[in-house]
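Inspection log for the structure reproduced underneath, given as structure tokens.
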Amino acid sequence: MAATLTFTWTVQGAGWARISAEDEYDGVDTTASYYAGTDAAAHFLYALVRLVLTDTRTTAEFDAEPEVYRWFFSRDGPEVDITVVTADDYRAPADSGVVLWSSRQPPAARRVLPGGRPRVRRSPARAG
């Protein structure tokens, strides 16, 4: 069975976003607050691109007030490990927090880059 991995970025309300990931076994939902006033989406995509092109370890972080969600990506040979951690706030040390989800994925660059087309799903903003 081929491994599957899905990332979803859903805008919710005024300035909030839900960032989800799911593999064939489990998934995780995290939140980014005031993403519109920050470069949160760009930081997430930049971490993925750096991982594919040059770096062996990258991180994307999202404030969710008061907690923070940290997405750690690391390449181990051709495979990629993804770990999502929540910590009390942005001042917490990077190596602290609770692991919410982790996944090991086979080489993804060939599936994602040449010829791959990202899907963007927009949902209407909800009042309140």
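For the stretch 5-112, what's the radius of gyration and Dmax over Cα atoms, in angstrom?
13.5, 41
Using θ = phi - 60° and the Karplus relation 6.51 cos²θ - 1.76 cosθ + 1.60, list the HN-Hα couplings for the stretch 54-65 in order, rounded to whole Hz, with x at every Gly or Pro.
9, 7, 9, 9, 9, 9, 10, 10, 10, 6, 10, 6
Can you list residues whose amide H is under 5 Å from Leu100's amide H, if they're 5+ apart or on another chain and H is modeled 1.01 Å from N?
Close amide H contacts, sequence-distant or interchain: Val84, Val85, Thr86.
What dipole magnitude, in Debye to the nearest 20, does the stretch 5-112 give about its Cα centre under +1 on Lys/Arg Cβ and -1 on Asp/Glu Cβ?
That gives a dipole near 440 debye.
Each value in this text was obtained by applying a stated rule to the coordinates, not by laboratory testing. In this text the structure is predicted, and so the values were computed from the model without any measurement. Glycine also receives a Cβ, built like all others from the backbone with ideal geometry; neighbour counts cover every protein chain displayed.
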